[in-house]
Every structure is written in C-alpha cells, then in structure tokens.
Amino acid sequence: MSETVPATSGRLVVTGCDLLRVPAQGECEVLRAQDIVVADGRIQDVRPTGATGPGNAAEVIDGRGLLAVPGLVNAHTHSPMVLMRGAAEDVSVEGWFNDRVWPMESNLTPADVRVGALLACAEMIRSGVTTFADHYFFPERIAEAVAETGLRADIAPTYFSSGGPEALEGTVKFAEAWHGGAEGRVTVSLGPHAPYTVDDGDLRTLSGHARRLGLRLHIHAAEHLEQTESSLARRGITPIRVLHETGVLDAGALIAHGCGIVADDLPLLAEHADRTAVACCPKVYLKHALSPLTPVRELLDAGVTVAVGTDGAAGHNTLDVWEALRLVALTQKQAERDATWMTVSDTLRLATRGGARALGLENRIGALEPGMRADIVLTDLSGLHCRPLHDPRAALVYSARASDVRTVIVDGRVLMRDGELLTVDEHALVTEADARVARILDTSHGRAVQHYDP
Ligand SMILES: [Zn+2]
C-alpha cells in the first residue's frame, strides 16, 4: 500500500510543470512553468513557478519537464472484462455476444470481478485515466477495487429483466449503499443493460428510482443502425424514443454508443440536453465493422454532451483513453470528410470536460482549475515519438502513449509516482488474474447470461 499522505491531511504541491488549460470552449492552451497547489484533495491554486515557495506542503512533486493534464475520463467501460481481453476476436457482433462473451460471463464469480476490476484500475492509473464510468455485475466488488486503488468511478450495476424483481431491488440497494462512497470518489448510476434486454416496465421503475435518488441511468441504446431499424420494425419506435417514453431521458442518461441515433431522435435528446450524454467508443465500431459512427457533430449541435469511452477490454483490448480519443478524432474527420472538424482542442475537451459532464461531475473534475478536485496527470513528452515538440496539444492527441504518463494524482492522493504504482501490487495481481483465465474461458457448459437478438 501507499506511503502517501492521505488526501485529507496537509498540502501537496506540483512545482515547475507546464499545464494544459482546457477551457469550456475555444482553444486549449499550454501554460509554461506553473505550480499546482493542492489542499484537502482540491486544487487550491495554479500560479507561475516561483511566485511563492511550496510553503508548508507535506509533499512536493517536481514537475519540471512534465506537462500536467486533467485526468482523463473513460466514459463507458466494463472494467472486469479485462479478464476476457483478446478472447473474442474476428467475430460478428452476434458471435461476440452469443458464442463468446455472454457464455464466458456466466462463469464469473464475485472474486473474479474483484480481480478484474483491480487489474482494470491498475491499467487505467498507468494510462492517466482518473475517472471511469463502469457498467457490470457484482458492483460491490468494483466499488471496493475503486476504494482500494484510489481511483474515481461512477458505477452502474448491470441489470437485465431476466434477473427479475430481486435483481432490480439489488441494484437500488447498491446505489443506496455506495453513492458518495470512498470519500466521495464513488458515485452510482442505475444500469439497465439496453432497451432490448430490459422491458419498458423495468425501465420505468428504474427511472423512478433514479429520480427519487437523484441519480442518472447508464444504458446501451441505439448501439448501431440495425438496432434502430429492428426496434422500428418490431415496435414502431426508435430505441431513443423508448428511453423518452419510459422516463429514462427525463431522469438523465449516459447513453453508450448511440451510433444508431437518427434525425427524429435529436429533438428528444435536445429536450433533455442538460442531463444527457453519449459515450463514443470508436475502436469497437471499427472492430465489429459497424457504421455509421456516433453522430458526434449532430449531438454537439443539439447541445448534448459527448464523451470518450473504451467500452470493455473484451472488445477494445485496452482501457487506454489516449487510444480512444485519437480514434475519435480520426474517425470523425473521415466520417465528416472534414479535416478541420474535431480539432486537437475539441478532442482533448471531450476526453476531460466532456467526460466530467457525462458523469454529472462537471463541478468537480475535468479541468485543472482552483476549486476542482485534484485529479492531475503528469505526462512526459520527451520521447522520440513526440520530438521535436512543436505543439504539446497535438502530441497529446496524435503522438503520446499511455506509457508517457509518469505520475497520477486523484483527489489529491498520489496513485503513481514516476512510473511506480503505489496502491496496487501489479505482480501479485497479474498472477492472480492469470490463474483464473482457463476457467473463465471454458464455455463447454453451453450456458450464457443472455441471448443477443435485439
Ligand atoms: Zn458497453
């Protein structure tokens, strides 16, 4: 475990770093030679180096030669699925769900989920991801992993209608127990899986609970165009209209993918734009040969928040948001046939402020400004793949790698210092994960948690 001073005691100062300022609108900016003063887990001040000394700081981090960026937000993932990384390749979406992933998931125990979540947290800390929106089974085990590793997460317990009333009650109980937990680093959303696995009655019930508890819902919807067409053929309305009619949009929704959002859906989303977000995870659309992409331009024009996600590692293979944000920029430019669209600044904004808004945390995280929680990532852009460094912002989007992340601070607590994880024993964790893999991958039993037929 860490020898780090707990977030609530004393001050921490990062000295002499450059700092990426991500404004709500307009160009991002690199401020040279700054000190970041942190007190009680919050950024107290950002000021030019040398303005005053580090004062009575309990901990000083030498930031010289490093660029401080706001911690990245992974706006949609299923963290324990790192255990199935690379175990479902070169298959259709149907094959991915029905032949691989849902049979494998029927093998998972709460102890597996704990190990998977810890491994995911370790990978995300190494990648400079300080907050993630998770959606999975055995959410208590994930929340404990978040509490233990020091990360920040919004956790939605996955719910299928096939689980029945007891499972639905369980998700509500988890929310009541964990929302605001781990010193405020854990928040909870309700997690109906999708309109094609959760019936309208359950969506209404969960929307009601969400409103009562002041929570949002995190749900897969209109994942691709075929789902929208199938919904129209089977019941005459789009998946987004289902969310509208069942109160999900009214309560507030983080929608995963939304690639099948059509023109008729946009006014419904715009009506609830202050509490609606869509997480775009392009690598999985490319891998599963799906088009179109999330309609990012139309959503932003409608005032809807767009954020960047990886989805689970069974599809995305990494939880690396640098990779995800780069693919957002590249695929958006190509899809729009507009090289001036999805600029470096806009891309960085989606992965920071956009992610914060998507989780309803825009007043707490997403920017390195006084008053914000201290989620700070120090990156080293001195590698050959970044040099000469004409524009650090462009390097972040198009050249940087997860391995360029040197030091990670969440809520004022140092989780990785100069490449060393302080809250996770990586070697022991990987050994424990490896020992579980053969059993998890065995699908000879013929069981599955669901059948995919949207
Ligand atoms: Zn997903």
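As for segment 74-84, it holds no residue that is away from the ligand (no atom under 16 Å from the Cβ) and hydrophobic (A, V, I, L, M, F, W, C).
Can you tell me which residue among A335, A339, A351 is open to solvent by 40 Å² or more (accessible area, probe 1.4 Å), assigned by TED's automatic domain parsing to the domain that holds T131 and in contact with a helix residue (DSSP H, G or I) (Cβ under 7 Å, 6 or more places away or on another chain)?
None of the other options fit; the residue is A339.
You will find that of D45, D99, D35, D18, the residue that is at pLDDT below 95 and either outside the structural domain of R185 (by TED's automatic domain parsing) or surrounded by fewer than 17 Cβ atoms within 10 Å (Cβ to Cβ) (or both) is D99 and no other.
Looking across segment 115-148, the residues that are touching a Phe, Trp or Tyr at 6+ places or on another chain (Cβ under 8 Å) and open to solvent by 10 Å² or more (accessible area, probe 1.4 Å) come down to P139, E140.
Evaluating N317 against the criteria (1) in contact with a Phe, Trp or Tyr (Cβ under 8 Å, 6 or more places away or on another chain); (2) open to solvent by 20 Å² or more (accessible area, probe 1.4 Å); (3) within 16 Å of the ligand (Cβ to nearest atom) leaves one unmet condition, (1). Residues in segment 199-225 that are among the basic types (K, R) and within 24 Å of R357 (Cβ to Cβ) were compared, and the one that is most open to solvent (accessible area, probe 1.4 Å) is R212.
The condition of being assigned by TED's automatic domain parsing to the domain that holds H316, surrounded by 14 or more Cβ atoms within 10 Å (Cβ to Cβ) and either within 27 Å of V146 (Cβ to Cβ) or out of contact with any Lys or Arg (no Cβ under 8 Å at 6 or more places or on another chain) (or both) holds for only one of L83, L66, that being L83.
Could you say which residue among S444, S403, S399 is more than 19 Å from the chain's Cα centre (by Cα), over 23 Å from I155 (Cβ atoms) and at pLDDT 95 or above? Quick ask: steps written out before the conclusion?
On the way: S444 fails: at pLDDT 95 or above; S403 fails: more than 19 Å from the chain's Cα centre (by Cα).
None of the other options fit; the residue is S399.
Of the conditions (1) under 23 Å from R353 (Cα atoms); (2) surrounded by fewer than 23 Cβ atoms within 10 Å (Cβ to Cβ); (3) touching a residue at least 60 places away in the same chain (Cβ under 8 Å), A182 satisfies every one except a single condition; which number is it? The failed condition is (3).
It is to be established whether one or more residues within segment 88-98 are closer than 25 Å to D418 by Cα and away from the ligand (no atom under 16 Å from the Cβ).
So far as segment 88-98 goes, no, none of its residues is closer than 25 Å to D418 by Cα and away from the ligand (no atom under 16 Å from the Cβ).
The residue that is farthest from the ligand (Cβ to nearest atom), counting only those in segment 216-225 that are closer than 17 Å to Y136 by Cβ and outside any loop (DSSP other than H, G, I, E, B), is L217. What pairs come out if I take residues in segment 268-293 that are touching a residue at least 40 places away in the same chain (Cβ under 8 Å) and pair them with residues that are small (G, A, S) and open to solvent by 10 Å² or more (accessible area, probe 1.4 Å) whose C-beta lies under 6 Å away, six or more apart or interchain? So the pair list comes out as L293/A335. Among helices (runs of 4 or more DSSP H) entirely within segment 226-305, having at least 3 residues that are within 16 Å of the ligand (Cβ to nearest atom) and open to solvent by less than 40 Å² (accessible area, probe 1.4 Å) singles out 282-287.
Does R387 satisfy the condition of being within 21 Å of the chain's Cα centre (by Cα) and charged (D, E, K, R)? Can you show your working first?
Values: within 21 Å of the chain's Cα centre (by Cα): no; charged (D, E, K, R): yes.
Considered against the rule, which asks whether it is within 21 Å of the chain's Cα centre (by Cα) and charged (D, E, K, R), R387 comes out as no.
When we screen T379, T423 for residues that are more than 23 Å from L330 (Cα to Cα) and in contact (Cβ under 8 Å) with a residue 12 or more places away in the chain, the only hit is T423.
For segment 113-136, the set of residues classified as within 16 Å of the ligand (Cβ to nearest atom) and either among the charged types (D, E, K, R) or modelled with pLDDT under 95 (or both) consists of D134 only.
The values are calculated or read from the model by the stated rules, or taken from the named source; none is laboratory data. This is a predicted model, so every value here is computed, not measured. With ideal geometry, Cβ positions are generated from the backbone for all residues, glycine too; neighbour counts draw on all protein chains shown. These accessible areas exclude ligands, DNA and RNA; they are computed on the full protein's heavy atoms, side chains included. Shrake-Rupley method; radii C 1.70, N 1.55, O 1.52, S 1.80 Å.
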